[in-house]
Amino acid sequence: MANTRQDWLPGNHEALYDQATQTNAYLTSQNISRMGLAGFQTWISGTFQTAYTTFKTAFESWKNPAERTSLKTATLQDAEKTFKPIYRHLYVGILKENPLVTNADLLAMGLPERGDGERHPATVPKTTPAATVKTPEPGIVEIHFRDDSVDNASRAKPSGVHGAEICWSVLDEPPVNWAQLLHSSFDTASPFRLSFEGDQRGH
């Protein structure tokens, strides 16, 4: 499991949609003014909310498996690729550095709170992640992951651990080394969901 604070963006479409929607809902004119962000009002209502709306529209068109097509998947991937750096800039470049934006504000937006201003190296986990793969419906693969410690009944993450990196490829034969896993995503909450088209069959 990875233990970096930088990977705060969810690695799957559903979690990103939920988090971004929570952030967008909090950015009312009243809250923007109270947090001293009036100078960013045009950027927030223009660049951020335009990219968010495009991502939201693409996700809501894609989310029903019965109506999902390769075109809808590609459209969602393109919208997410455009939205993520804008969302990251909103948090890192605007919200996190503004002293009028409190930790309570950040948490209400679904974003990580600030630390104490110092960088502390995260401890290396002494346990390893355990994973279970499930196929709840055609074209969907769920990867359920948790800490592998025997006393972790609550399935909480070890101290300093933010999530897990999940790597995959669609291959004719099982992979023999990590280099064959061409795709990866970082996820902070189990399960991680992958969606495939009907002709994407393999290992």
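Please treat every number below as a calculation from the coordinates, not as lab data. Fair warning: this is a prediction, and the values are worked out from it, not measured in the lab. Reconstructed Cβ throughout: ideal geometry from the backbone, glycine too, with neighbour counts over all protein chains shown.
Overview of results
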| quantity | calculated |
| --- | --- |
| Simple spin-label estimate for R193 and V133 in nanometres, 7 Å along Cα-Cβ | 1.9 nm |
| Estimated vicinal HN-Hα couplings, Hz - region 50-55 in sequence order (Karplus 6.51, -1.76, 1.60; Gly, Pro = x) | 5, 5, 4, 4, 5, 5 |
| Cα gyration tensor, region 1-70 - rounded (a/c under 1.5), prolate or oblate | oblate |
| Inter-probe distance in nm under a simple model that places probes 7 Å from Cα toward Cβ, at H144 and N177 | 3.4 nm |
| ³J(HN,Hα), Karplus 6.51/-1.76/1.60, whole Hz, each residue of region 62-70, x for Gly, Pro | 8, 5, 7, x, 5, 10, 7, 10, 5 |
| Label-point separation, A25 to W43 (7 Å along Cα→Cβ), nm | 2.6 nm |
| Most to least packed among 170-183, 46-59 [average Cβ atoms within 10 Å] | 46-59, 170-183 |
| Unit charges on C-beta of K, R, D, E only; dipole of region 8-72, Debye | 80 debye |
| Förster radius 25 Å - calculated FRET efficiency between V170 and E14 (Cβ-Cβ, nearest 0.05) | 0.75 |
| Region 42-123 - percent relative contact order, Cα under 8 Å, separation 6 or more | 24 percent |
